[in-house]
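Report on one structure; see the data block that follows.
What follows draws every value from the coordinates through simple rules; no lab data is involved. Computed from a predicted model, the values in this text were never measured in an experiment. Here the Cβ positions follow ideal geometry from the backbone for every residue, glycine too, while neighbour counts run over all protein chains shown.
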Amino acid sequence: MEKKQNTTQLQEKPKEQKLIAFEKTLSDSVQNRITELSGSGRLDLPKNYSVGNALQSAWLKILATKDKNGRPALEVCTKESVANALLDMAIMGHNPAKNHGYFIVYGNQLTWFPSYFGKCATIKRLDSIAFEPVATIIYEGDEVEIGHNQIGEEYVIKHNTTWANKLKGIRVGAYATVKQNDITRSAIMTMKEIKEAWNKNPGQKRDHADFEGEFMKRTVINRLVKMILQTSNDDDLLAETMIANEYQHYDFDGEAEVIAQNEVKQLANTGEVVDIPLDVEETDTLGEVEVEIAEEPQPVKPTVERNRPF
Amino acid sequence: MEIIPIASSSLGNCYYISDGSSHLLIECGIRLDKIAKAIPVNLTELSGCLITHEHKDHSLSAEKLLRYCHIFASKGTLDELCIETYKYKQHAIKHNETIRIGTFVIIPFELQHDAKEPLGYLVYSTVTKEKLLFATDTFYIKPKFAGLDYIMIECNYAKEILKKNIDRGKIPKVVANRLHSSHFELENVKEFLKANDLSQCKAIYLMHLSDGNSDEARFKHEIMALTGKPVIVCQKG
């Protein structure tokens, strides 16, 4: 709390008051909505999760969030999108202080982007899941035995790796496993498949190259999470929110169009009138076919030297 | 004012305007011999050439043209063109700063395109007292204008045609995504025309129609119906 006050004190006073008021109404409305949802039994938040704490640390993160042009998120994003991002975060039981995710600006929309940790934490809260999913990397030379589980899905029965294989460090694939209703479910991806998935989001190319192993784990977990969510019977808000959130981030269809159109709506034909200055006629150079660039007249400053008699 | 659209497509753009005293080129994105053939004066008689941005379909013969006339473009555009010869004939201009080329007075303004520093031009002739607006390769125009006599504006594609082409697989998604934030869509052009004063307008030139995502007859008809002004669609050349 103290830290928060320090941050806002740096701003100008009216702006600061406005910000505090905005934060208060926002967190109030998000908190009310959450209480409403859990009251009606649509949402079951973990007992140790405090919405208030999460919202407070989220607010600090949002204050520091900028869009790709370096403008602060709160100036760019619509109020509705800020509220929705916070609601998404709270429904999924995430806390930005625990690196459960990040706030990302798309055009004028603020979104909550759950991290790998966040996803694991949430998936654990689905009724059918006992333990959180685990991702493992397959190195060249590893022995992997693949079979089919009770419902006919491919899963990893056995995986033997050696220290030597790990040291060589040639990654050939990865898989993630989770137990759902006592059935082991895996998402298995070869290196080629993982790279194809990465190519869909070329913006992160460098991160992918720099932290290949971690990103591979993340990709297979994402695949597993999608598999479970899409076949999940959990008729609760949590699964719904997670699917909607996934959709927001991974389905880029038409997004470019929406962003461009929003910009057109906000900025097109809003500028000042550009017109030829009236005094142009007076300095008419009729008939002269000469290239000259009009320069701003420099005011002549009478200097001391010029006024001296010599 | 005499306006000759020489070429207008993503393969090359070039337009000639003259008020009888001064002769200007806007864009030089086609081969120089073609330009020389198409304009009614000698290359050396040109007062200058305005370039909107560095993409080759707008600047192809800039280097050769410098031998004959001066070139005007934003600093960003000139930097990207990076022509080492005739430096003194390359003039860096800024948006909202009035320049004079012969009998023309020109005010550049900002465009929205995926180029370094694209500019559009408001051109006024002190001879004919007419104003011409030139804006291409932009997905919208921020400023507004008053008392335009001629409007030369890009009308690249129509949303529905583009969508159809994406669905059919004719246009890759990546290309389409770029279009949204770099070229003028029909509806946005209409909004632009609605937002500006057209009372003095004598003609509207539609430029830079896309090959597959446009419909010349439809665009012409719709803009004419909206504005009640003569509409000329610039041909590929």
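Relative contact order of the stretch B:1-152: what whole-number percent is it, with Cα pairs under 8 angstrom and at least 6 residues apart? Each step should come with its number before you reach the end.
Details: 351 pairs, mean separation 25.0, N = 152.
After rounding, I find 16 percent.
Summarising the amide proton neighbourhood of B:G120: residues at separation of 5 or more, or on other chains, whose placed amide H is nearer than 5 Å comprise B:F109, B:E110, B:L111.
Under 5 Å from the amide H of B:D215 lies no amide H of any residue 5 or more positions distant or on a separate chain, with H modelled from the backbone and absent for Pro and chain starts.
The loop-placed trypsin sites (Lys or Arg not before Pro) in the stretch B:1-108, going by DSSP, that have at most 15 neighbouring Cβ atoms within 10 Å of their Cβ come out as B:R31, B:R67, B:K94. Please enumerate, by chain and number, the lysines with C-alpha under 18 Å from the C-alpha of B:K64, excluding those fewer than 8 residues away in the same chain. Qualifying lysines at Cα under 18 Å: B:K34, B:K37, B:K56, B:K87, B:K89. Bridging of B:K94 to lysines at a Cα separation below 17 Å is possible for B:K75, B:K116, B:K142, once same-chain residues fewer than 8 apart are set aside. With each label modelled as a point 7 angstrom along the Cα→C-beta vector, the B:M224-A:S57 pair spans 6.6 nm. Neighbouring Cβ atoms from other chains, within 10 Å of the Cβ of residues in B:93-100, number 4 on average. In the elastic network of chain B, a GNM with C-alpha springs shorter than 10 Å, the most mobile of B:S199, B:S22, B:S210 is B:S199.
Averaged across the residues of B:103-114, what count of C-beta atoms belonging to other chains lies within 10 Å of each residue's C-beta?
Per residue, the average neighbour count from other chains is 3.
May I ask you to list the chymotrypsin sites (Phe, Trp or Tyr not before Pro) in the stretch A:75-133 that are in a DSSP loop and have at most 16 other Cβ atoms within 10 Å of their Cβ? Mind dumping the intermediate values first?
On the way: sites: A:Y102, A:F103, A:Y106, A:W112, A:Y116, A:F117, A:F131; in loops: A:F131.
Qualifying residues, ordered by number: A:F131.
Here the 3J(HN,Hα) profile of the stretch B:39-47, calculated from phi with Karplus coefficients 6.51, -1.76 and 1.60 at θ = phi - 60°, is 8, x, 10, 6, 4, 6, 7, 5, 7 Hz, Gly and Pro shown as x. For the protein assembly as shown, the alpha-carbon radius of gyration amounts to 1.27 times the rule-of-thumb value 2.2 N^0.38 Å expected for a compact globular protein.
What average number of partner chain Cβ atoms lie no more than 10 Å from the Cβ of the residues making up A:262-271? Write down the numbers at each step before the final one.
Details: counts 0, 5, 12, 3, 1, 4, 11, 13, 6, 7.
Mean shielding count: 6.
Highest GNM mean-square fluctuation, chain B, Cα pairs closer than 10 Å: which of B:D33, B:D211, B:D19? Evaluated over chain B, the most mobile residue of the options is B:D33. For B:T52, the residues whose amide H sits under 5 Å from its own are B:E27, ignoring neighbours fewer than 5 places away on the same chain, with H placed 1.01 Å from N.
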